[in-house]
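This report concerns only the one structure given below.
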């Protein structure tokens with residue numbers, strides 16, 4: 001019997017929908033430092049499935065489709081229905097690289113009450129990405145949750 005997940009795959013693989021997966025592959029590599037694993041063209045020559053490596057994880061991407069009701073924030077009026085939380089080794093360094101590459105930064109790096117340091121960026125089609133690194137252990141009973 002085949003092993004699940006297949007070799008080289010994460011147990012959980014988010015699949016994001018883009019109007020232009022080829023542009024997204026380039027943008028994610030340039031702005032966030034992701035590494036393209038593959039890009040499979042469909043019969044029309046456009047990308048029908050692609051995968052990028054993000055440290056020890058995989059993110060899949062597919063084209064939007066009105067037949068399947070697959071949309072990106074760009075193609076659904078900007079409504080964000082999900083976001084991805086990615087742990088990196090140095091969030092400040094990652095933020096500086098993403099910002100200098102032209103990523104739209106929605107929140108600057110800051111220490112969060114649960115012990116992570118995070119920043120939030122938006123990609124070329126409106127997907128939200130939170131990048132974080134673990135700063136300190138905080139017991140749940142010691143967390144000071146901000147008002148509002």
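The values are calculated or read from the model by the stated rules, or taken from the named source; none is laboratory data. On a predicted model such as this, the values are computed, not experimentally measured, just so you know. Methodologically, a virtual Cβ is constructed for each residue, glycine included, from the backbone with ideal geometry; neighbour enumeration extends over all protein chains shown.
Things to note:
- Total residues in region 126-148 satisfying the condition of being more than 30 Å from residue 76 (Cα to Cα), outside any loop (DSSP other than H, G, I, E, B) and out of contact with any helix residue (DSSP H, G or I) (no Cβ under 7 Å at 6 or more places or on another chain): the figure is 4.
- Looking across region 83-109 at every residue that is out of contact with any strand residue (DSSP E or B) (no Cβ under 7 Å at 6 or more places or on another chain) and either in a helix (DSSP H, G or I) or without any contact (Cβ under 8 Å) to a residue 60 or more places away in the chain (or both), the one that is nearest to residue 141 (Cα to Cα) is identified as 93.
- Test set (1) exposed (fewer than 12 other Cβ atoms within 10 Å of the Cβ); (2) at pLDDT 90 or above - residue 12 fails condition number: (2)
- For the condition surrounded by fewer than 16 Cβ atoms within 10 Å (Cβ to Cβ) and in a helix (DSSP H, G or I), residue 79 does not qualify.
- Test: residue 84 is out of contact with any helix residue (DSSP H, G or I) (no Cβ under 7 Å at 6 or more places or on another chain) and modelled with pLDDT of 95 or more: no
- Filter result for residue 50 (without any contact (Cβ under 8 Å) to a residue 24 or more places away in the chain, closer than 17 Å to residue 125 by Cβ and in contact with a helix residue (DSSP H, G or I) (Cβ under 9 Å, 6 or more places away or on another chain)): no
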